[in-house]
Amino acid sequence: MFKSFREDIDVVFDQDPAARNYVEVILTYSGLHAIWAHRVAHAFFKRKFFFIARVISQVSRFFTGVEIHPGAKIGRRFFIDHGMGVVIGETCEIGDNVTLFQGVTLGGTGKEKGKRHPTIQDNALIATGAKVLGSIVVGENSKVGAGSVVLKDVPPNSTVVGIPGKVVIQDGVKIQKDLNHCDLPDPMNDRMKQLEKEVNELKSLLREYEGRSRSS
């Protein structure tokens, strides 16, 4: 456990250029505090001390703003940047060298039983405000863009953006060349445009029908 704690500190220096010294990191990084509290809570959870585990996780949530269910399985060198608003569900499985930013949710999609939360594989990065929902897999070395909502599996070595999330880069190749962060997919807007087109077509047909009725 102490080796794991040391790795958790070292990854802060690797990932955050603002980290200056060990004392500052240990005393002021809420994401680090949340991870340490979870490692303790998870140890109780595995030994079926569920109530104690939940108490530890809720106390941690109060002080850090990060909610990690004690049942979640988290690998080595996990980094939460800024932390506030991060939620990690009970059946989440997170690999090694994974990075989450503030506001990320790794949640479920309903009241289903069993495995209902995401699996995040090694070296993945989930950006600010992203929501990864359901029993899906985010593959190794993949990235989820800020504000995205991911409902389907993400292949390894991919970049996903948008609502719902779409793969725009895979294995270094752009899947959709005209997509950028100022022009993310908007399915609601696309649907409204289609409905508007259909309404205009119906109006045109109605006017044509009325014209024929008058002429006859």
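The values are calculated or read from the model by the stated rules, or taken from the named source; none is laboratory data. On a predicted model such as this, the values are computed, not experimentally measured, just so you know. Ideal geometry is used to build each Cβ from the backbone, glycine not excepted, and the neighbour counts take in all protein chains shown.
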Exercise. Filter region 90-108 for residues that are within 13 Å of the chain's Cα centre (by Cα) and either surrounded by fewer than 19 Cβ atoms within 10 Å (Cβ to Cβ) or part of a loop (DSSP other than H, G, I, E, B) (or both) and give the result.
Key: Cys92, Glu93, Val98, Gln102, Gly103, Val104, Gly107, Gly108
Exercise. State yes or no: is Thr28 closer than 24 Å to Gly129 by Cβ, of a type in the set (S, T, N, Q) and touching a Leu at 6+ places or on another chain (Cβ under 8 Å)?
Key: no
Quiz item: What number of residues within region 128-144 are among the small types (Gly, Ala, Ser) and surrounded by fewer than 21 Cβ atoms within 10 Å (Cβ to Cβ)?
Solution: 4
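Return yes when Lys115 is over 23 Å from Val167 (Cβ atoms), surrounded by fewer than 19 Cβ atoms within 10 Å (Cβ to Cβ) and charged (D, E, K, R) and no when it is not. Before you say what the answer is, go through the steps one by one.
Values: over 23 Å from Val167 (Cβ atoms): no; surrounded by fewer than 19 Cβ atoms within 10 Å (Cβ to Cβ): yes; charged (D, E, K, R): yes.
So Lys115 does not fit the description; no.
Please count how many residues of region 131-144 are under 9 Å from the mean Cα position of the chain (by Cα) and under 14 Å from Ile94 (Cβ atoms).
Residues of region 131-144 under 9 Å from the mean Cα position of the chain (by Cα): 131-133, 144.
Still in the list and also under 14 Å from Ile94 (Cβ atoms): 132, 144.
The qualifying residues number 2.
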Quiz item: Hey, does region 25-48 have a residue that's surrounded by fewer than 19 Cβ atoms within 10 Å (Cβ to Cβ), modelled with pLDDT of 90 or more and part of a loop (DSSP other than H, G, I, E, B)?
Solution: yes
Quiz item: Given the conditions (1) under 13 Å from Ile35 (Cα atoms); (2) crowded, with 19+ Cβ neighbours inside 10 Å; (3) touching a strand residue (DSSP E or B) at 6+ places or on another chain (Cβ under 6 Å), and given that Val87 satisfies all but one, which numbered condition is not satisfied?
Solution: (2)
Quiz item: Do we find that Ile88 is within 19 Å of Val160 (Cβ to Cβ), at pLDDT 90 or above and not charged (D, E, K, R) in this structure?
Solution: yes
Quiz item: How many of the residues in region 118-169 are at pLDDT 85 or above, among the small types (Gly, Ala, Ser) and in contact with a Leu (Cβ under 7 Å, 6 or more places away or on another chain)?
Solution: 1
Quiz item: Taking region 64-77 as the search range and keeping residues that are outside any loop (DSSP other than H, G, I, E, B) and in contact with a helix residue (DSSP H, G or I) (Cβ under 7 Å, 6 or more places away or on another chain), which one is farthest from Arg116 (Cα to Cα)?
Solution: Thr64
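Being outside any loop (DSSP other than H, G, I, E, B), of a type in the set (Val, Ile, Thr) and under 21 Å from Gly139 (Cα atoms) narrows it down to one of Ile80, Ile56, so name that one. Steps first, answer last, please.
Details: Ile56 fails: under 21 Å from Gly139 (Cα atoms).
After ruling out the rest, the residue left standing is Ile80.
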Practice problem: Looking only at region 115-126, decide whether some residue is more than 23 Å from His33 (Cα to Cα), free of Cβ contacts under 8 Å to residues at least 40 places away in the same chain and either out of contact with any His (no Cβ under 6 Å at 6 or more places or on another chain) or not small (Gly, Ala, Ser) (or both). | Solution: yes
